[in-house]
Amino acid sequence: MEAGQVRELKRRNIDERMQIIWLGGKSSNGERQIDTFKLPDITKLSDQIKSEAARLESAISRFDKTTLLPLIVLLNMTRSAQLRRGYVDPNSPAFIEYMTALALKTNVQNLQRPSIKDATKIRDLSERIFWLCNEYSAARFYSSENADEDKWTILTMAHLHYMLVRGEAYEAYFFEIAQRLFDSQARYLEQKFGFNINQAIIFIKMIFRLINERFEKEKERLITVFTALASTEVNATVWPIGVYRQRGGHKPSTEAAHVLNMLPELARSLLFISEQELLQNVDYRDQESLVSFLNWVSIEPGQIDSKLISPLEANPLQDTPVVKIDQAYLFHSSTYLARCLVYSLDKELMRDPLYEKKYNRIRSRYLERESLRLFKKIFPTATAYNRLKYKVIENSKKKEVELDGLVQHDNNLFLIECATHPVTRASKKGIKEPIMHDIQKSVERTFKQAKRAKEYIKTSDQAEFTLSDDSIITIDKKSVKNYFIISVTFDSFDILAADPRKLKGLGLFLADEYPWPIYIGSLNLISDFIDYPSQFVHYLKKRMTVSEKVYASDELDYFGCYLISNLEIPMPKVTYPIEKVLIVNATSDFDQYIYYKKGLGARVPRPGQFIPRHLRSILLYLERIHSPGYTDIACFLLDINYLFRKDIEENIVSTLHRSKESGGALKDYTVIDKTNKWGFTYFCGDGTQKPNLERMMFLPEYCLRKMNETGILSWVGLVRDISSRKPIVSMFFSEGASNSNSQ
């Protein structure tokens, strides 16, 4: 992101009645957006959702499911590049999943065959209900007029469906988790379910290979169809593969119209696969296992609860995402199946009283190892340990307790505890008591365990920990400046625990100290986009000090906002107070980049912060020399906002140019941010010239004098010797009252 792009954050349609800002995503011209909106009336919105849902159910009940469902999935494909590669990718799985559930409530045969227009109306109505539910969820959760209890009656679509939407390009990650968790349990799975995990992964890949082959075979005809669809769109800016609306006075060509009429049958033949065809594509020894797998992941008409009305209710398609009708199967998305493979199997195993304890140990060990692996990925040179034991005195009794993980990098100590307790279905319905129970059993419990280890270290001169091989390590509290308590969860708690400070209304975390709760899948993605170890430290520091006015659906929106704007959210200049700030869609850059890496989208840059070339070289050098306390200096530099970074970069270039033009004479540049109270000084010159060397050594005194003149105590000074390839040869750093000088 260019520095100037921060200025491009636009305000649109701002109304004095509105009280929430939406930050994230991009407009059609590529600019970042800031929008505001007023919270709707909850009662009216609830009535509207029920009314629209009844209309939708009535419309769906008239049509043949085996034609309607695949037709809507096909109409909802949004990228021609994906179409040409035969990649099935519903744009909004949440509303398609809901619409499918409504269609499966009854098992009536010989219904009317839908036209494209019929399917489009149903699709539009489903999407409308989906967005009404989003508004309802936001209003319930964010409205300051509700009591604390009502705030937590929240079922957000983001919470129920977020990983399904987010996971479109991440099925490989779910396969990896499934193999690590269940590979060693092959015999048990075969006895209980009739298939093992490796067979299940092979089956899923085979299913989507067949669908891809069908799309490849019908590619030219499909392109003709969707070209015709695009020509009949009311709005020319809509997706080339999108909603069909007949424009008045304009009709497609005779050939295109003929192909459009064939589309319902074409959709059916593309997305439904018969059981016989599936069996023909696996080894005969695996056929029985394939049938068992299909029975496990599929649901048939009539098996959906007839009381299901709104998308705000738990949907059984989350656990059984495949539709079975007349010995044929409709497959929505590979990610539905891949995620089901992890979480549905996990639920099944945890329900088995004979296997629960054993599997829970396996799951806990996996989460501990995976957490430590990701922290080592972020901090390659750090010391890291897992399963540490230490002795404490509680209730006048000495006992041995355990810490899941400990990572020390520079003067930063990360205390890691892992939580395998899942988010229960009752919590997803927004019921207060189950939410409290789930958070207490996961995030708060792990927080207390890690906090106990922190207190043990802070009250001991040399804190001793025993490792699993009986060796002993010691942590000197003098070497630790920053403590970070990390709560890694196996399930995604999303908005329920994204900011523990907001849980005080539930009677949780009352001591004004909080962990960083992170879902293991989100930690995995964050580790892919961290450029330097010190950047992760800086992110956690910024993250822990974000205003309590700021909300986000989950940690990835916070992290996306960090990369976009350094977690600095420009507020519109309005006369009324802004009560809440909601970060949404700050993760679109991740999705687009992963699509590109998979060959499913246009080339896009890797998501990252705007760090100019000279600042980047300084940060890399700090990481390389790794002098004690270097992360404090790196965090200081990363704390500089994007506009100042651009200004500093331009002046560093100018100062270097002036020095070279004057034969290596020492030149300097100083900038002061009076608002945030920090200063930055840059010296450069030829260090082989004695006068320059003497003046370079004068850097600490120069910075201290500037600090006295301005009253600003946070300062960094850097020296560049242009006769050397090193980006800096000397540093001065002051953070408040304490000063340090590294030469």
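Observations, loosely collected:
- Subset of the range 410-435 (residues that are surrounded by fewer than 18 Cβ atoms within 10 Å (Cβ to Cβ) and not basic (Lys, Arg)): 411, 424, 426, 431, 433, 434
- Looking across 681, 655, one residue alone is polar (S, T, N, Q), touching a helix residue (DSSP H, G or I) at 6+ places or on another chain (Cβ under 8 Å) and at pLDDT 95 or above. It is 681.
- Residue check: residue 443 meets all listed conditions (1) of a type outside the set (Phe, Trp, Tyr); (2) surrounded by 19 or more Cβ atoms within 10 Å (Cβ to Cβ); (3) modelled with pLDDT under 90 but one, namely (3).
- Qualifying residue in the range 92-107 (condition: open to solvent by less than 40 Å² (accessible area, probe 1.4 Å), at pLDDT below 65 and within 31 Å of the chain's Cα centre (by Cα)): yes
- Any hit, the range 369-386, residues being over 30 Å from residue 625 (Cβ atoms), part of a helix (DSSP H, G or I) and at pLDDT 90 or above: yes
- Criterion (over 24 Å from residue 71 (Cβ atoms), in a helix (DSSP H, G or I), modelled with pLDDT under 70 and polar (S, T, N, Q)) met by exactly one of 134, 146: 134
- Filter pass, residue 735 being in contact (Cβ under 8 Å) with a residue 40 or more places away in the chain and out of contact with any strand residue (DSSP E or B) (no Cβ under 8 Å at 6 or more places or on another chain): yes
Residues are listed down the side, and each one gets a yes or a no for (1) in contact with a strand residue (DSSP E or B) (Cβ under 7 Å, 6 or more places away or on another chain); (2) in contact (Cβ under 8 Å) with a residue 40 or more places away in the chain; (3) surrounded by fewer than 19 Cβ atoms within 10 Å (Cβ to Cβ):
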site: 322; (1), (2), (3): yes, no, no
site: 372; (1), (2), (3): yes, yes, no
site: 379; (1), (2), (3): yes, yes, no
site: 382; (1), (2), (3): yes, yes, yes
site: 394; (1), (2), (3): no, no, yes
site: 401; (1), (2), (3): yes, yes, yes
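- Residues that are surrounded by fewer than 18 Cβ atoms within 10 Å (Cβ to Cβ) and aliphatic (A, V, I, L, M), drawn from the range 476-505: 480
- Within the range 656-677, residues that are acidic (Asp, Glu) reach partners that are not in a helix (DSSP H, G or I) with beta carbons closer than 7 Å, at six or more positions or on different chains, in the pairs 668/681; 668/682; 668/683.
- Residue within the range 540-554 that is of a type in the set (Ser, Thr, Tyr), open to solvent by 10 Å² or more (accessible area, probe 1.4 Å) and touching a residue at least 60 places away in the same chain (Cβ under 8 Å) present: yes
- Scanning the range 384-416 for residues that are more than 27 Å from the chain's Cα centre (by Cα) and of a type in the set (Val, Ile, Thr), we see that the one that is nearest to residue 536 (Cα to Cα) is 401.
- For the range 627-743, the helices (runs of 4 or more DSSP H) that sit wholly inside it and include 2 or more residues that are under 35 Å from the mean Cα position of the chain (by Cα) are 630-639, 642-661.
- Leading residue by the ranking (most open to solvent (accessible area, probe 1.4 Å)) among those in the range 446-475 that are free of Cβ contacts under 8 Å to residues at least 12 places away in the same chain and more than 35 Å from the chain's Cα centre (by Cα): 470
- Residues of the range 464-513 satisfying the condition of being on the phi > 0 side of the Ramachandran plot and in contact with a Phe, Trp or Tyr (Cβ under 7 Å, 6 or more places away or on another chain): 494
- Within the range 54-73, restricting attention to residues that are among the hydroxyl-bearing types (Ser, Thr, Tyr) and part of a helix (DSSP H, G or I), the residue that is most open to solvent (accessible area, probe 1.4 Å) is 58.
The values are calculated or read from the model by the stated rules, or taken from the named source; none is laboratory data. Here the structure is a predicted model, which is why all the values come from computation and not from measurement. Cβ atoms come from the backbone with ideal geometry, glycine included; neighbour counts cover every protein chain shown. Heads up: the accessible areas ignore ligands, DNA and RNA and are worked out on the full protein's heavy atoms, side chains in. Shrake-Rupley method; radii C 1.70, N 1.55, O 1.52, S 1.80 Å.
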